[in-house]
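Note sheet for the following structure.
Every read-out reported here was derived from the displayed coordinates using simple, explicitly stated rules and does not represent laboratory data. As the structure is a computational prediction, the values presented were derived from the model and not from experiment. As a convention, Cβ positions derive from the backbone with ideal geometry for all residues, glycine included, and neighbour counts pool all protein chains shown.
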Amino acid sequence: MTDASTFLFSLLTRWSDTSLVSSHQLVHSAVTLRATIGEQHVPNTTNNPLIARAILRDIRHTPQKARRVVDLVRGMRADEALSVLKFAPQSAGSDVFTLLNSAVANAKAQNPAIRDASELWVVEALVDEGRTMKRFRPRAQGRGFRILKRSSHISVAVSDVKAASKTMNKKGATK
C-alpha cells in the first residue's frame, strides 16, 4: 500500500467505512483532506458560498426587544458579533450569543477547514413572532384585562463570504 492509501485508510472511523460490502463510496473532498493534512485554508472564491444556519424557536423574549439585539450584529464578522453579544445588557443578548455560537459550529461541521469565527460573517439575522400566550389580569368591577406574553423565533445565518446575503433566498440556497 502506498502512503496516500494508508493515510486515507487511517481516516476511516467506522467498520462500515472499511467494509467491502458497504454500498457507500468513500470520497474525501479537497477541503477535508486539506484540513486533515494541515494546509492553510484558502478563502472561498466559488459562486456557491458556505451558508450555515441556526434557529431558536419559541424563546420567551418579545420580538421587538429581540430585534434590538439582533440589529446590533447583522452584517458583522462573527467573532466581533460574539464579543458584542457577550456584553450586551439586554436579556436577549445571551440567547442570541448562544445561537450565533451554534451557527458557527454548524459552519465548522460543514467545512472543517474553517478554524474560528473570524472567517465567518453574519449575513442574515431575523426575528419573527412566535406563539402568544394569552393571560387575564383581574381588574376593578369584575373586569379582566388581557395580557399578551409574546415569544419569538430567532434565526441566524453565517457565511464565509460577506456578500452571500444578497444571493440568498428564503431557504438559504443561492439563486
Looking at (1) part of a helix (DSSP H, G or I); (2) more than 21 Å from A52 (Cβ to Cβ), which is the only condition R135 fails?
(1)
What about G144, is it surrounded by 14 or more Cβ atoms within 10 Å (Cβ to Cβ) and either closer than 14 Å to I51 by Cα or among the small types (G, A, S) (or both)?
no
